[in-house]
Amino acid sequence: MATKTINLNNEVIEDDDCLCSIPLEQKDLEETQYLTMNRPNAYLKGESLIERAWSHWKKLGEPKFIVAPMVDNSELPFRLLCRKYGADAAYTPMLHSRLFTEDGKYRSMEFTTCKEDRPLFVQFCANNPETLLEAARKVEPYCDYVDINFGCPQRIAKRGNYGAFLMDNLSLVKSLVEKLANNLTVPVSCKIRIFPNLQDTLNYAKMLEDAGCSLLAVHGRTRDEKDGKKFRANWEAIKAVRNVVRIPVLANGNIRHIDDVHSCLEETGANGVLSADPLLENPALFAGYRTAEWGLGSAGMKEDDKLDQAELLIEYLRYCERYPVPWRIIRSHVHKLLGEWFRIQPSVREDFNKQYKLTFEFLYDLVNRLRELGVRIPLYVKDTHETAN
């Protein structure tokens, strides 16, 4: 018998018809916790706001390994998979604040969570403070931070006047942060890119902190440095931000495997690290697994004889069966996880691309077909025996 669920429109529906929903008992629990929390941040100023920022961060366990926001890619099943393999916290994909307030279907399709999906950052793009606040209030009971995207450098963000293109309008940036900080109970976080000039970046960070930002995630590339493979992230700039603000700082950029994570934490002094694209190929990155690109031929590494990308895909699909998402998202993850496998057997990729309507049965069979054809690209882990010697 299907259990009742409730979506963010407060509509009771059946599980089989629901893509994005929260169990009734979970919603009741969340709302009870929400109603008993402290008053909105407007009552806190200066030192009190800084103290609350750190108190909240420590209450969450000071998460260090964090899934970055990725449009159509950091959805609930993928977040849960990453959490299973070492991620301490995660961001939702960027949500459009206006669409989120106006379109019930968009809300139900694009925002999904569950009890195990914490700590959670819910990220919005916006250019209107009132619209942003209305959207934020709808998710406030279900997350640990409401995050504002000030870092998206893509053309669509320029057309929509949001993301990194608000760096040209700092008064609007300030008003967006203040609007949330003065009216929400849950803390406000911001994700930014750096300016070409370091002092401009530091002034920007301080302005955000003064406006009420409780946590700052810094992508160490400028707005024009879109290609992460072409442009290395500037960890020195992140370190400088960490030294000038008094709130927790997360570092984003140049994270390909776990050694990069530790190096970044050490070199920047950041309180945590975000990873994006590398997780799409290797959701077990934070657990110490490496893809062949970073493991094959590396000293002290060995093939893992159990876990590989095909097994990770199967685990992801099982999460999707439990927490349904649009097929376009699943299709994207299949390409990311099995991209190198498809290079070995391009005919399997062609069959996959021809499949207009996907099913779980087809995808499980696709993995079995690759295995029957002898395809296996191992993941790599540290050789503890060699390390001991």
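The values are calculated or read from the model by the stated rules, or taken from the named source; none is laboratory data. Just so we're clear, the structure is a prediction, and the values are computed from it rather than from any experiment. So basically every Cβ, Gly included, is an ideal-geometry build from the backbone, and we count neighbours across all protein chains shown. For the accessible areas, the whole protein counts, side chains as well, though only heavy atoms, and no ligand, DNA or RNA atoms are used. Shrake-Rupley method; radii C 1.70, N 1.55, O 1.52, S 1.80 Å.
Take the conditions modelled with pLDDT of 95 or more, under 22 Å from the mean Cα position of the chain (by Cα) and not aliphatic (A, V, I, L, M) and apply them to LYS191. Does it pass?
Details: modelled with pLDDT of 95 or more: yes; under 22 Å from the mean Cα position of the chain (by Cα): yes; not aliphatic (A, V, I, L, M): yes.
The answer is yes for LYS191.
Quick check, is ARG371 open to solvent by 20 Å² or more (accessible area, probe 1.4 Å) and either touching a strand residue (DSSP E or B) at 6+ places or on another chain (Cβ under 7 Å) or in contact (Cβ under 8 Å) with a residue 40 or more places away in the chain (or both)? Steps first, please.
Values: open to solvent by 20 Å² or more (accessible area, probe 1.4 Å): yes; either touching a strand residue (DSSP E or B) at 6+ places or on another chain (Cβ under 7 Å) or in contact (Cβ under 8 Å) with a residue 40 or more places away in the chain (or both): yes.
Judged against the criteria, ARG371 is a match.
A single entry from ALA181, ALA240 fulfils the requirement of being open to solvent by less than 10 Å² (accessible area, probe 1.4 Å), in the same structural domain as GLY272 (by the TED database), at pLDDT 95 or above and of a type in the set (A, V, I, L, M): ALA181. For the residues LEU285, LEU358, LEU307, the requirement of being under 20 Å from LEU81 (Cβ atoms) and buried (at least 18 other Cβ atoms within 10 Å of the Cβ) singles out LEU285.
Scanning segment 324-337 for residues that are open to solvent by 20 Å² or more (accessible area, probe 1.4 Å) and in a helix (DSSP H, G or I) turns up TRP327, ARG328, ARG331, SER332, HIS335, LYS336. LYS302 satisfies every condition listed in (1) in contact with a strand residue (DSSP E or B) (Cβ under 7 Å, 6 or more places away or on another chain); (2) part of a helix (DSSP H, G or I) except (2).
The number of residues in segment 134-156 that are in contact with a helix residue (DSSP H, G or I) (Cβ under 9 Å, 6 or more places away or on another chain), surrounded by 21 or more Cβ atoms within 10 Å (Cβ to Cβ) and within 22 Å of TYR204 (Cα to Cα) comes to 7. Residue count for segment 62-82 under the criterion of being open to solvent by 10 Å² or more (accessible area, probe 1.4 Å), out of contact with any Asp or Glu (no Cβ under 7 Å at 6 or more places or on another chain) and closer than 22 Å to VAL249 by Cβ: the result is 3.
Among the listed residues GLU340, GLU321, identify the single one that is open to solvent by 20 Å² or more (accessible area, probe 1.4 Å), among the acidic types (Asp, Glu), closer than 18 Å to ASP277 by Cβ and outside any loop (DSSP other than H, G, I, E, B). First the steps, then the outcome.
Working: GLU321 fails: closer than 18 Å to ASP277 by Cβ.
When all the criteria are applied, what remains is GLU340.
Of the helices (runs of 4 or more DSSP H) contained entirely in segment 1-98, those carrying at least 1 residues that are at pLDDT below 95 and either within 18 Å of TYR145 (Cα to Cα) or over 25 Å from the mean Cα position of the chain (by Cα) (or both) fall at 24-35, 46-59.
Against the numbered list (1) more than 19 Å from the chain's Cα centre (by Cα); (2) surrounded by fewer than 24 Cβ atoms within 10 Å (Cβ to Cβ); (3) closer than 19 Å to PHE165 by Cβ, THR201 comes up short only at (2).
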